[in-house]
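Asker: Below is one structure. I have some questions about it.
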Amino acid sequence: MKFTTAALALLPAALAAPTTTSGFAVPSIIKIHDITTNVNWARTLTNTVRQGTSETSTLYDIPIPAEAAGRTCGLKFKATPNDIVQGTGALDIFKNGFTDLASLNSGNLRNTQIARIVFNPSTGFYDFKRSDFTPTVDSFPCPAGQVLHWEAAAVGEFDVNTVKQDFLSDGVNVPNGISVAWW
């Protein structure tokens with residue numbers, strides 16, 4: 001009888017929802033910033049281009065979930081064979097000064113560079129190019145409950161990065177586009 005009572009007392013704890021130990025935060029908002037006109041418009045993909053007199057960058061709001069508290073975060077960027085990566089295939093990632101991308105119709109408020117990443121066609125991932133810049137977002141304390149305001153900008157004379165964004169994550173597979181892993 002004591003065993004049955006003890007086992008039944010443990011049952012609710014065993015049935016409790018499992019604790020998530022890792023995952024991926026994806027953007028809630030993406031806007032393309034036209035460098036020439038200073039105008040921003042909402043999109044569902046990264047579109048950083050430097051070609052001739054045309055140049056665009058991509059702005060992101062990436063909310064970090066509360067369950068990432070006390071975890072380590074790191075930037076991830078993935079492209080598929082259906083995405084367009086040409087030229088240098090490189091992106092400079094910046095922290096920006098805007099606080100509400102939804103209402104930011106012009107400007108980018110670019111602040112501090114936090115990484116340079118370059119597309120690796122053999123893996124489909126953008127790798128940190130440490131020889132050009134020491135990244136600060138390859139591994140950093142997760143700012144749980146906060147929103148990261150970032151920008152991707154083209155690098156070099158000719159650079160095209162048009163990458164479809166996944167807005168949902170299964171928590172296991174790296175989403176396409178930009179994401180912040182937490183573990």
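The values are calculated or read from the model by the stated rules, or taken from the named source; none is laboratory data. Since this is a predicted model, take the numbers as computed values, not measurements. Note that each Cβ is placed from the backbone with ideal geometry, even for glycine, and that neighbours are counted across all protein chains shown. Surface areas here come from the heavy atoms of the whole protein model, side chains and all, with no ligands, DNA or RNA. Shrake-Rupley method; radii C 1.70, N 1.55, O 1.52, S 1.80 Å.
Asker: Using beta carbons and a limit of 6 Å, which pairs, at least six apart or on different chains, have the first residue in the stretch 130-146 and within 16 Å of residue 94 (Cα to Cα) and the second one modelled with pLDDT under 95?
Answerer: none
Asker: Among what's in the stretch 147-183 and is hydroxyl-bearing (Ser, Thr, Tyr) and within 21 Å of residue 71 (Cβ to Cβ), pick the residue that is surrounded by the fewest Cβ atoms within 10 Å (Cβ to Cβ).
Answerer: Narrowing the stretch 147-183 to residues hydroxyl-bearing (Ser, Thr, Tyr): 162, 169, 179.
Then keep just the ones that are within 21 Å of residue 71 (Cβ to Cβ); that gives 169, 179.
Numbers: 169: 15, 179: 23.
Residue satisfying both the conditions and the ranking: 169.
Asker: Given the residues 133, 128, which is the only one that is of a type in the set (A, V, I, L, M, F, W, C), open to solvent by less than 60 Å² (accessible area, probe 1.4 Å) and more than 17 Å from the chain's Cα centre (by Cα)? Step through it out loud before you land on a result.
Answerer: Values: 128 fails: more than 17 Å from the chain's Cα centre (by Cα).
The unique qualifying residue is 133.
Asker: Of all residues in the stretch 132-143, which are part of a loop (DSSP other than H, G, I, E, B) and in contact with a Cys (Cβ under 9 Å, 6 or more places away or on another chain)? Spell out how you get there, then give the answer.
Answerer: First pass over the stretch 132-143, keeping only residues part of a loop (DSSP other than H, G, I, E, B): 132-139, 142-143.
Passing the criteria: 137, 139, 142, 143.
Asker: Please work out which residue is surrounded by the fewest Cβ atoms within 10 Å (Cβ to Cβ), limiting yourself to the stretch 66-111 and to residues that are within 17 Å of residue 42 (Cα to Cα) and of a type in the set (A, V, I, L, M, F, W, C).
Answerer: 102
Asker: Still on this model: Can you name every residue in the stretch 118-174 that is on the phi > 0 side of the Ramachandran plot and aromatic (Phe, Trp, Tyr)?
Answerer: Taking the stretch 118-174 first, the residues on the phi > 0 side of the Ramachandran plot are 124, 145, 156, 171.
Correct list: empty.
Asker: Restricting attention to the stretch 78-128, which residues are under 22 Å from residue 160 (Cβ atoms) and of a type in the set (Lys, Arg)?
Answerer: 78, 110, 116
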